[in-house]
Amino acid sequence: MSHKPVVLKIGGSAITFKEKPLTPNLRVMKRLAREISKARISKLLIVHGGGSFGHPIAKEYAINEGFKTKEQNIGFCWTHSAMVTLNSLFVNTLIQRDIPAIGIAPSSCILTKHGRIYAFDDKALTKFFEKDFIPVLYGDAVIDVAKGFSILSGDQLVSNLALKFEAERIIMGVDVDGVYTADPKKHSSASLIPQLTLKELKKMYKNLGDAGTVDVTGGMLGKIKELIPAIREGITVSIVNATKSNRVYKALKNEKVVGTYIQKG
Ligand code: ADP
């Protein structure tokens, strides 16, 4: 078994009730903690999304548009504070399963420039990782050197960490079975795409561009776009349903599992 790290992203859609502000899905969190514990991955980094903790407040105060008025500062603080709450709920659930999880706040060690990671003081994170702790980061409101502040997505963070720590694999846990031909929540005829190569992905983006339409696949292709730099370096990506039992477990164990598997070629 490879000793290269695995980066596991748990989407906000899986560990919160997306339609209910500030509502965690504790049942899913607890099951995921059991699965992560059972999989016994020695080198693991975890990132989670914001779901109904991060997004509504960030949107209300237009944090992602950057600093415009001083009144937004309180919204920045609320956004970060909500993410700290979600992070600590998830981290506590992991610790209860004997997983040495340590929450790390991106806003304390990362700056962005026009929304992209620009400076990352990773000394403490690296030491934790070397000492076999499991860092748990998240999408966060961060300081942006160009526009004042910004929202750093968990997905951008995943790609950055996978490259930084030379990961073998990325596992993306979401609330659907993988990548479909269209948003499965809106199109009942959408079918699951079990495998994709970088070339096929690029073709999908090109078709979207040529059609001149909005991204019919909603957030999913945008999410994967963030992972392309990692895929290009040979890091594979499995997109699985984290709301269904054992999917994340099997992906962690590198076993065959329902989902979408993306590799360079
Ligand atoms: P998270 O916040 O959990 O990381 P998102 O909510 O951003 O995840 O993205 C997952 C959602 O993307 C799914 O719930 C699904 O409705 C939507 N989606 C849009 N297009 C697609 C597609 N082509 N395949 C799969 N899911 C899609």
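The values are calculated or read from the model by the stated rules, or taken from the named source; none is laboratory data. The shown structure was predicted, so the numbers you read here are calculated from the model rather than taken from an experiment. Quick note on the areas: whole protein, heavy atoms, side chains included, nothing else; ligands and nucleic acids left out. Shrake-Rupley method; radii C 1.70, N 1.55, O 1.52, S 1.80 Å.
Values computed for the structure shown
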{"item": "Accessible surface, 1.4 Å probe, highest first, among residues Ser107, Ser189", "result": "Ser189, Ser107"}
{"item": "Gyration tensor (Cα) of the chain, equivalent ellipsoid semi-axes in angstrom", "result": "25, 24, 19"}
{"item": "Rounded, prolate or oblate (a/c below 1.5 giving rounded, otherwise prolate when a/b exceeds b/c) for region 20-103 by Cα gyration tensor", "result": "prolate"}
{"item": "Listed residues Ser81, Ser188, Ser108, Ser159 arranged by accessible area, highest first, probe 1.4 Å", "result": "Ser188, Ser108, Ser81, Ser159"}
{"item": "Surface accessible to a 1.4 Å probe, per residue, for the residues of region 114-194, Å²", "result": "44"}
{"item": "Probe 1.4 Å, protein heavy atoms only - accessible area per residue of region 1-112 in square angstrom", "result": "50"}
{"item": "Cα gyration tensor, region 60-157 - rounded (a/c under 1.5), prolate or oblate", "result": "oblate"}
{"item": "Exceeding the 29 Å Cα-Cα cut-off - candidates Lys4/Lys244; Lys59/Lys253; Lys20/Lys264; Lys43/Lys225; Lys127/Lys202", "result": "Lys59/Lys253; Lys20/Lys264; Lys127/Lys202"}
{"item": "The chain - mean residue ellipticity at 222 nm from DSSP helices (-39,500 (n - 2.57) per run, n ≥ 4, rounded to 500)", "result": "-12500 deg cm²/dmol"}
{"item": "Sulfur and carbon atoms: percent of accessible area, the chain [1.4 Å]", "result": "54"}
{"item": "Solvent exposure of region 217-265 as accessible area per residue, Å², 1.4 Å probe", "result": "44"}
{"item": "Taking the chain and dividing mean pair separation by its residue count, relative contact order in percent (alpha carbons under 8 Å, at least six apart)", "result": "22"}
{"item": "Relative contact order [Cα under 8 Å, 6+ residues apart], region 1-139, whole percent", "result": "27"}
